[in-house]
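Asker: Quick one: this structure, given as structure tokens, is what I'll be asking you about.
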Amino acid sequence: MTIDFKKDKSGLVPAIVQDANTKIVLMLGYMNEEAYKKTIETKLVTFYSRSKERLWTKGEESGHTLDLVDIKVDCDDDTLLVNVHPNGSTCHTGADTCWKEDNKTTFGFLTNLESTIAQRKLEANFKESYIASLFKKGINKIAQKVGEEAVEVVIEAKDSDDNLFLNESADLLFHYLILLQQKGFELKDVVDVLERRNKK
């Protein structure tokens, strides 16, 4: 990997720090060649502090270090993407990130859908909300719906109508998310199990 530390007269390159698991951007720092080498050697992310005018290992005072996973350089060889496992909050304010975001795993639209399901459950508008009506009927009805949708997916999988197969698959996933909520879990809990299995 080639990094062009001489491109800027300061000898510094921006280092974007990203959580290797959640993919959330945690902070932006700057590295010179010495900071980069120390990061590689110690596996703890080290920057060059422009205010302190010295090398600075993240967490040297707070203990909230950044364990190095890998470093990538961009197409111009002058910006780094540093993937890490953070040990605690990253921002000096105590926030997870320097943009005051929560550093938690999300699944894009599926996370939004989980929020909608949780809101419908909370509102309990049984007459106007299909989701709320399922929660009112209880675990047996919800589990039954998941079973019905699973059977329909199997049936459509053996047919040649891709559109029907995808629609039944969507119905199954939707009802499974409702079942997870009824049991007090989220999609993340299932993904955590898969990740633990993958490490074995």
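The values are calculated or read from the model by the stated rules, or taken from the named source; none is laboratory data. Everything numeric here is computed off the predicted structure, so don't read it as measured data. As a convention, Cβ positions derive from the backbone with ideal geometry for all residues, glycine included, and neighbour counts pool all protein chains shown. Calculation scope for accessible area: heavy atoms of the full protein, side chains included, ligands and nucleic acids excluded. Shrake-Rupley method; radii C 1.70, N 1.55, O 1.52, S 1.80 Å.
Asker: Looking at Asn83, Asn21 in this structure, which one is open to solvent by less than 30 Å² (accessible area, probe 1.4 Å), under 22 Å from Asp192 (Cβ atoms) and in contact (Cβ under 8 Å) with a residue 40 or more places away in the chain? Let's see the steps before the verdict.
Answerer: Values: Asn21 fails: open to solvent by less than 30 Å² (accessible area, probe 1.4 Å).
Going through Asn83, Asn21 in turn, the sole match is Asn83.
Asker: Follow-up. Do we find a residue being assigned to a strand (DSSP E or B), more than 21 Å from the chain's Cα centre (by Cα) and either closer than 17 Å to Asp19 by Cα or not β-branched (Val, Ile, Thr) (or both) anywhere in the stretch 64-73?
Answerer: Filtering the stretch 64-73 for residues assigned to a strand (DSSP E or B) gives 66-73.
Those left that are additionally more than 21 Å from the chain's Cα centre (by Cα): 73.
Among the residues that remain, those that are also either closer than 17 Å to Asp19 by Cα or not β-branched (Val, Ile, Thr) (or both) are: 73.
Within the stretch 64-73, one or more residues are assigned to a strand (DSSP E or B), more than 21 Å from the chain's Cα centre (by Cα) and either closer than 17 Å to Asp19 by Cα or not β-branched (Val, Ile, Thr) (or both).
Asker: Still on this model: Among the residues of the stretch 24-61, write down those that are of a type in the set (A, V, I, L, M, F, W, C) and either open to solvent by 10 Å² or more (accessible area, probe 1.4 Å) or not in a strand (DSSP E or B) (or both).
Answerer: Within the stretch 24-61, the subset of a type in the set (A, V, I, L, M, F, W, C) is 24-28, 31, 35, 40, 44-45, 47, 55-56.
Ile24, Val25, Met27, Leu28, Ala35, Ile40, Leu44, Val45, Leu55, Trp56 - these are the residues of the stretch 24-61 that are of a type in the set (A, V, I, L, M, F, W, C) and either open to solvent by 10 Å² or more (accessible area, probe 1.4 Å) or not in a strand (DSSP E or B) (or both).
Asker: One residue is enough: does the stretch 89-101 have a residue meeting the conditions assigned to a helix (DSSP H, G or I) and either open to solvent by less than 60 Å² (accessible area, probe 1.4 Å) or not hydrophobic (A, V, I, L, M, F, W, C) (or both)? Break it down into steps so the answer makes sense when it comes.
Answerer: Let us first name the residues in the stretch 89-101 that are assigned to a helix (DSSP H, G or I), namely none.
Looking for residues that are assigned to a helix (DSSP H, G or I) and either open to solvent by less than 60 Å² (accessible area, probe 1.4 Å) or not hydrophobic (A, V, I, L, M, F, W, C) (or both), one finds none in the stretch 89-101, hence no.
Asker: Out of the residues in the stretch 130-173 meeting the condition of being part of a helix (DSSP H, G or I), over 17 Å from Ala118 (Cβ atoms) and of a type in the set (S, T, N, Q), tell me which one is most open to solvent (accessible area, probe 1.4 Å). Can you show your working first?
Answerer: Residues of the stretch 130-173 that are part of a helix (DSSP H, G or I), as a first pass: 130-137, 139-157, 162-173.
Going one step further and asking which of them are over 17 Å from Ala118 (Cβ atoms), we end up with 137, 140-141, 143-157, 162-172.
Remaining after also requiring of a type in the set (S, T, N, Q): 140, 144, 163, 167, 169.
Values: Asn140: 124, Gln144: 90, Asn163: 105, Asn167: 79, Ser169: 35 Å².
If we take residues in the stretch 130-173 being part of a helix (DSSP H, G or I), over 17 Å from Ala118 (Cβ atoms) and of a type in the set (S, T, N, Q), then Asn140 is most open to solvent (accessible area, probe 1.4 Å).
Asker: Does any residue in the stretch 174-186 that is under 15 Å from Ile131 (Cβ atoms) and assigned to a helix (DSSP H, G or I) come within less than 7 Å, Cβ to Cβ, of a residue that is open to solvent by 60 Å² or more (accessible area, probe 1.4 Å) and among the aromatic types (Phe, Trp, Tyr) six or more places away or on a different chain, and which pairs are these?
Answerer: Correct list of pairs: empty, since none qualify.
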